[in-house]
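> Please read through the structure below; I'll follow up with questions.
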Amino acid sequence: MTDKQTMQMQKIMQRIKHRREELNLSFQQLADLTGMSKSTLQRYETGGIKNIPLDKLEVLATALKTTPEWILGWDRKITDIDKSVIALYPGFVPGETYLNELEEQYIWVNVHGDSMSPLIDNGSEILVKKQDSVDSGQIGVVLIDDEEAVVKKITYGKDWIELVSINPYYPPRRFEGEDIQLVRVLGLVKEVSKSLQ
């Protein structure tokens with residue numbers, strides 16, 4: 001393990017410990033929440049285990065009421081939605097495979113427009129988990145006709161998909177029949193970070 005990887009692992013250990021103590025959780029309580037053993041969790045905090053599997057990291061983040069990328073200490077990398085597919089700009093490049101896998105799953109996106117206001121304001125950053133489907137009623141990033149990328153609440157019917165804005169000024173956009181094929185889900189919105197300016 002290189003010096004950079006060692007420093008990264010220490011950061012992960014510190015963040016797990018800090019968040020657990022911040023929530024006033026004992027190892028036993030965290031074990032109950034995650035289904036992991038106390039000894040495993042203790043070794044995550046002390047560095048006794050160098051590689052945290054991807055699925056374990058996601059479970060641990062949920063139990064600690066945070067996100068996997070926060071535990072990993074990633075710097076935010078932002079891309080814009082601008083009539084093009086969303087490109088991923090990776091942060092650090094760690095050696096461990098599980099970090100690379102997780103890094104490839106998430107992206108920060110800068111949102112333009114007020115169609116999702118007040119939930120997602122113009123200029124907000126959203127954390128998107130890249131996936132090709134979401135449940136009805138969830139907010140996702142959608143590519144329309146391979147040209148227009150939008151952030152919308154997605155609802156499904158028997159033979160239609162509707163893209164709904166939070167701002168009532170913007171009417172829903174419904175795609176029916178063959179037009180459903182024009183809509184491609186790119187990811188699920190997991191978190192919103194709003195500018196204070």
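The values are calculated or read from the model by the stated rules, or taken from the named source; none is laboratory data. Since the model is a prediction, treat every value here as computed from it, not as a measurement. Please note: Cβ atoms are built from the backbone with ideal geometry, for glycine as well, and neighbour counts cover all protein chains shown. Please note that ligands, DNA and RNA were not included when accessible areas were found on the heavy atoms of the full protein model with its side chains. Shrake-Rupley method; radii C 1.70, N 1.55, O 1.52, S 1.80 Å.
> Can you name every residue in region 151-160 that is surrounded by 13 or more Cβ atoms within 10 Å (Cβ to Cβ) and within 18 Å of residue 176 (Cβ to Cβ)?
Those that are surrounded by 13 or more Cβ atoms within 10 Å (Cβ to Cβ) and within 18 Å of residue 176 (Cβ to Cβ): 152, 153, 154, 155, 156, 160.
Rundown of residues vs (1) under 30 Å from residue 10 (Cβ atoms); (2) in a loop (DSSP other than H, G, I, E, B); (3) modelled with pLDDT under 85, yes/no style:
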| residue | (1), (2), (3) |
| --- | --- |
| 85 | no, yes, yes |
| 99 | yes, no, yes |
| 137 | no, yes, no |
| 153 | no, no, no |
| 162 | no, no, no |
| 167 | no, yes, no |
| 170 | no, yes, no |
| 191 | yes, no, yes |
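> Does residue 22 satisfy being within 26 Å of residue 125 (Cα to Cα) and either over 21 Å from the mean Cα position of the chain (by Cα) or aromatic (Phe, Trp, Tyr) (or both)?
So residue 22 fits the description; yes.
> Quickly run through region 139-151 and pick out the residues that are modelled with pLDDT of 90 or more and not β-branched (Val, Ile, Thr).
Hit for region 139-151 is 140, nothing else.
> Can you name the residue in region 172-189 that is within 27 Å of residue 123 (Cβ to Cβ) and part of a strand (DSSP E or B) and is also least open to solvent (accessible area, probe 1.4 Å) among such residues?
187
> Looking at 71, 107, which one is within 30 Å of residue 185 (Cα to Cα), at pLDDT 60 or above and in contact with a Lys or Arg (Cβ under 6 Å, 6 or more places away or on another chain)?
Answer to the check: 71.
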